[in-house]
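What follows is one structure encoded as structure tokens, with my remarks underneath.
The values are calculated or read from the model by the stated rules, or taken from the named source; none is laboratory data. Values in this document were obtained by computation on a predicted structure and should not be read as measured data. Virtual Cβ from ideal backbone geometry, glycine too; neighbours counted across all protein chains shown. Areas reflect the complete protein model, heavy atoms only, side chains present, ligands, DNA and RNA absent. Shrake-Rupley method; radii C 1.70, N 1.55, O 1.52, S 1.80 Å.
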Amino acid sequence: MAVTRDYDADPERFRLATRVTRKYLIGARCLHGHIASKLLHAGLSHVLDIGCGEGALNEALPGNPPFRLAGVDASATMLRAHPGPRVLADAARLPFRDEAFDAAVAVNMLWHLEEPRLALREARRVLVPGGLLIVTAICRTDSPELAPVWHPEPTSFDAEDAPAQVCEVFGDVEVERWDAPLMTLPDRTAVRDYLIARQVPRAEAAEAAGRLRTPLPVTKRGALILARR
Ligand SMILES: C[S@@+](CC[C@H](N)C(=O)[O-])C[C@H]1O[C@@H](n2cnc3c(N)ncnc32)[C@H](O)[C@@H]1O
């Protein structure tokens with residue numbers, strides 16, 4: 001199974017990331033809520049959440065039938081907290097039959113894979129004809145205000161080229177981009193936690209946070225990509 005970074009070894013890092021986003025995002029701009037409303041409006045009831053983590057998408061959706069969401073993740077620790085039906089598996093080898101789902105979603109997870117195309121092909125395989133894919137990606141230039149202290153490496157699935165990768169597998173895509181100061185980090189602790197959430201080692205994050213002025217507005221840049229099988 002592909003490497004899952006620290007989701008098993010240090011799940012608190014991911015949980016901190018979730019708390020930081022919920023606490024400092026301005027207004028009610030919740031990505032999972034946005035995706036949930038798209039699924040509901042499209043009338044899609046059988047959904048696969050690939051790289052589901054602890055179930056943020058599940059939380060944003062109604063739990064009642066006919067709505068059904070299955071989560072798949074490579075981390076046993078993440079899956080333990082997932083409330084719905086869930087399976088431990090690699091996104092590149094989904095343990096589901098062809099055409100099993102109306103929709104497949106992957107929120108901020110494809111960047112973990114060396115070859116995101118393999119997971120995209122698998123997502124396409126398990127979708128019914130006309131089924132909906134929704135994936136998200138973060139820009140290489142996300143959070144430019146942090147640039148003086150933080151230089152993340154490019155990933156295999158940054159928002160700059162993610163639409164082209166999805167297009168290769170699915171054909172047409174629709175892209176919703178965001179580029180706006182969606183967060184304000186009020187103090188050094190918030191900046192430190194934001195950096196830890198982005199996988200900066202804790203001691204380095206604490207030191208770097210002291211070098212930035214607060215409150216710090218943070219420009220979020222990313223993309224949501226939709227495609228039909
Ligand atoms: C940034 S978290 C996102 C979790 C969830 N989608 C959310 O929005 O809260 C990335 C997730 O992808 C999972 N993951 C990483 N590599 C994976 C793989 N090869 N197959 C399945 N899941 C994987 C991690 O274990 C983690 O739960």
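Sort through THR18, THR77 and tell me the only one that's surrounded by fewer than 15 Cβ atoms within 10 Å (Cβ to Cβ), within 11 Å of the ligand (Cβ to nearest atom) and assigned to a helix (DSSP H, G or I). Full working, then the answer.
Numbers: THR77 fails: surrounded by fewer than 15 Cβ atoms within 10 Å (Cβ to Cβ).
After ruling out the rest, the residue left standing is THR18.
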How many residues are of a type in the set (Lys, Arg) and either open to solvent by less than 20 Å² (accessible area, probe 1.4 Å) or more than 14 Å from the ligand (Cβ to nearest atom) (or both) if we restrict to the range 84-107? 1
Of the conditions (1) over 15 Å from the mean Cα position of the chain (by Cα); (2) in contact (Cβ under 8 Å) with a residue 24 or more places away in the chain; (3) within 13 Å of the ligand (Cβ to nearest atom), LEU44 fails just one. Which one is it? (3)
By residue number, the members of the range 115-173 that are open to solvent by 40 Å² or more (accessible area, probe 1.4 Å), touching a helix residue (DSSP H, G or I) at 6+ places or on another chain (Cβ under 9 Å) and in a strand (DSSP E or B) are ILE138
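Filter the range 122-163 down to the residues that are basic (Lys, Arg) and free of Cβ contacts under 8 Å to residues at least 40 places away in the same chain and list them by number.
Residues satisfying the conditions are ARG125, ARG140.
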Based on this model, can you work out whether VAL72 counts as in contact with a strand residue (DSSP E or B) (Cβ under 6 Å, 6 or more places away or on another chain), in contact (Cβ under 8 Å) with a residue 24 or more places away in the chain and away from the ligand (no atom under 12 Å from the Cβ)? no
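Specify the residue that is nearest to the chain's Cα centre (by Cα); the eligible residues are those in the range 191-203 that are crowded, with 18+ Cβ neighbours inside 10 Å and part of a helix (DSSP H, G or I). Don't jump to the end; show me each part of the working.
Within the range 191-203, the subset crowded, with 18+ Cβ neighbours inside 10 Å is 191-197, 200.
Within this subset, residues satisfying the condition of being part of a helix (DSSP H, G or I) are 191-197.
Working: VAL191: 21, ARG192: 21, ASP193: 18, TYR194: 16, LEU195: 17, ILE196: 17, ALA197: 13 Å.
That would be ALA197.
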Take the residues of the range 28-41 that are open to solvent by 10 Å² or more (accessible area, probe 1.4 Å) and in a helix (DSSP H, G or I): which is farthest from the ligand (Cβ to nearest atom)? HIS41
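Surrounded by 18 or more Cβ atoms within 10 Å (Cβ to Cβ), among the small types (Gly, Ala, Ser) and modelled with pLDDT of 95 or more: is that true of ALA206 in this structure?
On the way: surrounded by 18 or more Cβ atoms within 10 Å (Cβ to Cβ): no; among the small types (Gly, Ala, Ser): yes; modelled with pLDDT of 95 or more: yes.
Judged against the criteria, ALA206 is not a match.
Report whether or not ARG13 is assigned to a helix (DSSP H, G or I) and either within 18 Å of the chain's Cα centre (by Cα) or modelled with pLDDT of 95 or more (or both).
Details: assigned to a helix (DSSP H, G or I): yes; either within 18 Å of the chain's Cα centre (by Cα) or modelled with pLDDT of 95 or more (or both): yes.
It is true that ARG13 is assigned to a helix (DSSP H, G or I) and either within 18 Å of the chain's Cα centre (by Cα) or modelled with pLDDT of 95 or more (or both).
Do you know which of the residues in the range 57-67 that are open to solvent by 30 Å² or more (accessible area, probe 1.4 Å) and within 14 Å of the ligand (Cβ to nearest atom) is nearest to LEU118 (Cα to Cα)? First the steps, then the outcome.
The first filter runs over the range 57-67 and keeps only residues open to solvent by 30 Å² or more (accessible area, probe 1.4 Å), leaving 58-60, 62-66.
Subsequent filtering for residues that are within 14 Å of the ligand (Cβ to nearest atom) retains 58-60.
Values: ASN58: 24, GLU59: 27, ALA60: 27 Å.
This residue is ASN58.
Looking only at the range 86-107, decide whether some residue is in a helix (DSSP H, G or I), under 16 Å from ASP49 (Cβ atoms) and free of Cβ contacts under 8 Å to residues at least 24 places away in the same chain. Full working, then the answer.
Residues of the range 86-107 in a helix (DSSP H, G or I): none.
No, the range 86-107 contains no residue that is in a helix (DSSP H, G or I), under 16 Å from ASP49 (Cβ atoms) and free of Cβ contacts under 8 Å to residues at least 24 places away in the same chain.
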